[in-house]
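No lab work stands behind these numbers, since they all come straight from the coordinates. Only a predicted model underlies this, so the values are computations on that prediction, with no experimental measurement involved. A quick note on method: Cβ atoms are made from the backbone with ideal geometry, for glycine too, and the neighbour counts reach across all protein chains shown.
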Amino acid sequence: MNLQLLKARQTKYAAYATLYILVVLAIVTVANILANRHNKSFDATSNKRYSLSDQTVKIVKGLKEDAKITYFDQGSRFERAKDQLDMYANISPKVRVDYVDPDKKPQLAREAGIKNYGTAIVQIGAKKEEAKSTSEEDITGAFIRDLKNNTRTVCFVTGSGEHRIDDTDKNGYSRLKDLLGKDEYTARSINLLQKAEVPAECTVAVVGGPSGDYLQPEVDAIKKYVEEGGRAFFLLDPPLKMGRSEVADNDALTGLLQSWGVTLEKDLILDLNPIGQLAGLGPQVALVTRYEAHPIVNEMKRTATGFPLSRSLETKNADKTTIEKLFSSSESSLATTKLNSPNINPNDPQNKKGPMAIAAAGSYRTGKENAQGRFVVIGSSQWAANSFIGFNGNRDLALNTMNWLSSDEDLISIRPKERDDRRITMTQSQMHWVRITSQFLFPLAIVIAGVTVWWRRR
């Protein structure tokens with residue numbers, strides 16, 4: 001009887017064990033099938049360093065025809081590009097990725113004009129573009145070149161002390177030029193003093209922080225350009241009268257903007273926001289964390305931007321223009337009209353209290369079909385210079401503005417973030433306390449705790 005009971009129990013346990021093994025095998029099999037069909041990953045980095053940007057996702061999801069990425073490299077080196085390129089295929093079923101070894105299929109490499117290993121070709125329809133590398137900037141740039149059939153040129157006005165795109169110093173715009181190139185814009189300089197006319201090939205004209213006055217012929221050229229359907233970007237600093245580098249009032253140019261509905265005040269914004277101080281910004285930098293509803297800033301709700309030496313502006317619609325505010329200074333900001341002295345009294349009752357508008361976007365009705373003029377005005381120019389364009393969302397704001405002005409709203413988004421600089425900078429006193437804490441206080445606390453436990457047990 002006991003033997004029969006024992007055999008029954010053994011049979012029962014064996015059945016349970018067999019069932020559990022089958023269940024585990026089934027779960028593992030289903031998990032592998034799902035993993036093979038659905039490639040999902042989780043990016044735990046703070047700035048989503050290993051995920052494709054919102055801009056790339058928007059472009060790839062918006063494809064209206066099939067796209068193919070062909071990567072040419074030695075077979076043993078496919079893996080170094082596979083993770084990056086397969087992310088594009090995972091976004092949309094319209095994207096296919098092929099891996100070709102030029103040594104095994106030389107005819108395909110010859111037809112594609114491949115000269116170097118590690119080259120990618122992006123094809124949409126019949127159009128093909130080569131990516132310089134497998135980085136997201138280059139692959140997405142190839143997608144953009146495939147989708148855009150026209151050449152887009154950004155013309156920077158020179159001749160009156162503006163920031164120059166060939167200047168690599170802290171006040172230059174060379175980094176902005178490079179960023180525009182990654183978005184497939186061509187940047188060039190124009191001089192309206194030599195010829196008072198904005199060239200027809202200019203997609204956007206940029207007035208980047210002139211320190212001198214614009215002559216009336218220059219202003220008339222810009223006026224004609226926008227009112228005939230052109231696009232312009234104005235970055236105008238407050239007319240400071242301190243030190244050697246004074247900024248002119250530029251009444252003719254600001255008068256044109258006022259006729260369109262944007263009045264630039266002759267003041268200087270000081271931001272007393274404690275958040276800005278925590279970020280290492282002085283009161284001369286206006287910190288912006290809130291934005292209005294507009295295509296330029298709709299994707300920047302969780303991004304901060306900073307504007308050194310900025311001025312406020314007033315907006316209203318004019319006869320042929322529609323004006324929209326983009327963002328304003330914080331509630332803790334103020335504006336002073338005393339622009340000839342570095343000593344400013346924050347408690348002066350004549351100071352204007354924030355928030356105050358810093359940027360606005362306008363549309364000009366030309367009366368012609370599909371020929372709307374557009375312009376953006378920001379009361380600061382230093383925010384886009386080499387020394388400050390890397391601050392938080394400044395780069396995205398600059399490129400989003402260019403996208404909107406050139407009617408490329410489908411490209412407006414947050415670009416891939418650069419690698420975070422997580423280094424800790426401490427003063428000598430802070431370093432001294434860290435050393436005392438790590439070398440003496442913490443070990444001493446552990447010793448005291450150990451002695452206390454030993455004494456109680458004893």
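Its residues counted as N, the chain yields a C-alpha radius of gyration over 2.2 N^0.38 Å of 1.34. Electrostatic bookkeeping for Gly255 treats Lys and Arg as +1 and Asp and Glu as -1; over the other residues with beta carbon under 12 Å from its beta carbon, the sum is -3. Our helix-only sum for the chain, with -39,500 (n - 2.57) per DSSP H run of n ≥ 4 divided by its residues, gives a mean residue ellipticity at 222 nm of -10000 deg cm²/dmol. Between the helical axis of 2-37 and the longest alpha-carbon principal axis of the chain there is an angle of about 30 degrees.
Applying a threshold of 31 Å to the alpha-carbon distances of Lys115/Lys177; Lys170/Lys195; Lys182/Lys353; Lys177/Lys223; Lys132/Lys195 flags Lys182/Lys353; Lys132/Lys195 as lying beyond it.
Taking the charge dipole of the chain about its Cα centre, with +1 at Lys and Arg Cβ atoms and -1 at Asp and Glu Cβ atoms, the residue from Val24, Asn317, Gly379 reaching farthest to the positive side is Val24. The Cα trace of segment 54-147 gives Rg and Dmax of 12.4, 37 Å, the first to one decimal, the second as a whole number.
Report, in whole Å, the centroid distance computed from the Cα atoms of segment 276-326 and segment 108-156. Segment 276-326 and segment 108-156 have Cα centres separated by 35 Å.
With unit charges on the beta carbon (Lys/Arg positive, Asp/Glu negative), name the residue among Trp404, Asn347, Ala15 whose Cα is farthest towards the positive pole of the charge dipole of the chain. Of the listed residues, the answer is Ala15. The C-alpha atoms of the chain define a longest principal axis, and helix 251-260 lies at about 70 degrees to it. Taking the alpha carbon gyration tensor of segment 203-257, multiplying each eigenvalue by 5 and rooting it gives semi-axes of 23, 11, 8 Å, largest first. Divide the volume of the convex hull around the Cα atoms of segment 153-411 by the residue count and you get 122 Å³ per residue. Note on segment 173-224: Kirkwood hydrodynamic radius from all Cα pairs is 12.4 Å, rounded to one decimal.
Where does helix 442-457 land angle-wise versus the long Cα axis of the chain, in degrees 0 to 90, nearest 10? In the chain, helix 442-457 runs at an angle near 40 degrees to the longest axis.
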